[in-house]
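What follows is a short report on a single structure.
The values are calculated or read from the model by the stated rules, or taken from the named source; none is laboratory data. Just so we're clear, the structure is a prediction, and the values are computed from it rather than from any experiment. Don't worry about glycine lacking a Cβ; one is built from the backbone with ideal geometry, like all the others, and counts go over all protein chains shown. Note: areas computed on protein heavy atoms with side chains; ligands, DNA, RNA excluded. Shrake-Rupley method; radii C 1.70, N 1.55, O 1.52, S 1.80 Å.
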Amino acid sequence: MRKEKRQYGKPKGNYITIDIKNLKIAQEDDIQKASEALTNELKNLIDQHIQKQDEIIVLGLGNIYVTPDALGPKVINEIDVTRHLINYLPEYVEEGTRSVSAIAPGVLGTTGIETVEILKGVVENTNPKLVIVIDALASRSIERISSTVQLSDTGIIPGGGVGNARSEISEKTLGIPVIAIGIPTVVETAVLVNDSLDLFITKLQEEAKSNDYLNKLKEEDNYEQIKQALIPQDYNLIVTPKEIDDLIENMKDIVARGINFAIN
């Protein structure tokens, strides 16, 4: 497991990537180790923005009926919510318990309402101090599909990775800090072709069939050119691994456990 902290022309803030290898065949010990790594990083981010007992709301983005996009809603079902207990049954709650609520608002296509509009109303009425957002992402690398957990405290733009960007969810739009947790579950055909082209060129080079043209081709990022060639024919499809059902279940366990231990 490898952790990276990077920033490339993005809003100022913390960007953390946790690498998780072999998630397709992950065992219980692997899932637990990954969730512990997430807990440590997430807790550190939370502590930078709010106090120990400040209320948190967890937001699960995505469509529960579309497997590659179901991560957010599935995680929400596993979050240890406490707000209702603190408000209505305080005698049964241990002193010092943080108030936690959770919501999976669905997608614009089924609700007709922008997620940020729903969340603004919830934030206004429940007054949390911080939002944690979980979402499935589109990757620019096939290597990172279902093998990284990406965190940031600069918010998120739902649908941005698949060319269907919605209104951003951030401190600028909500007035409170937003921590985003994302896991890549799909790639565009253009990414797949571009990465496959690199692999093909490497194979030719290993067979001593390289030439100046192939070297130049591999050094360039051909994603945009490939994408532009595919779009007119509607061939720039969104692709996901055939094991996506098992991957989503494993990722759901990692993220839910990581959040629960970080916020309670």
- Look through Ile86, Ile46, Ile31 and report the one residue that is out of contact with any Phe, Trp or Tyr (no Cβ under 9 Å at 6 or more places or on another chain), open to solvent by less than 70 Å² (accessible area, probe 1.4 Å) and without any contact (Cβ under 8 Å) to a residue 24 or more places away in the chain. Ile86
- Would you check if Ser101 is touching a helix residue (DSSP H, G or I) at 6+ places or on another chain (Cβ under 7 Å) and modelled with pLDDT under 95? no
- Message: Could you go through region 19-30 and let me know if any residue there is within 20 Å of Val133 (Cα to Cα) and at pLDDT 90 or above.
- Response: no
- Query: From the list Leu42, Leu89, Leu38, which one is out of contact with any Pro (no Cβ under 7 Å at 6 or more places or on another chain) and farther than 30 Å from Ser146 by Cβ?
  - Reply: Leu89
- Matching helices (runs of 4 or more DSSP H) fully within region 1-118 where at least 1 residues are farther than 16 Å from Ile248 by Cα and of a type in the set (Gly, Ala, Ser): 28-49, 108-111
- Please work out which residue is surrounded by the most Cβ atoms within 10 Å (Cβ to Cβ), limiting yourself to region 102-136 and to residues that are farther than 15 Å from Pro73 by Cβ and under 20 Å from the mean Cα position of the chain (by Cα). Val131
- Mind listing just one residue for me: the one in region 59-83 that is among the hydrophobic types (A, V, I, L, M, F, W, C) and open to solvent by 50 Å² or more (accessible area, probe 1.4 Å) and, of those, farthest from Lys120 (Cα to Cα)? Val66
- Message: Give me the residue from region 229-251 that is out of contact with any strand residue (DSSP E or B) (no Cβ under 9 Å at 6 or more places or on another chain), at pLDDT 70 or above and not in a loop (DSSP other than H, G, I, E, B) and, out of that set, nearest to Pro73 (Cα to Cα).
- Response: Glu249
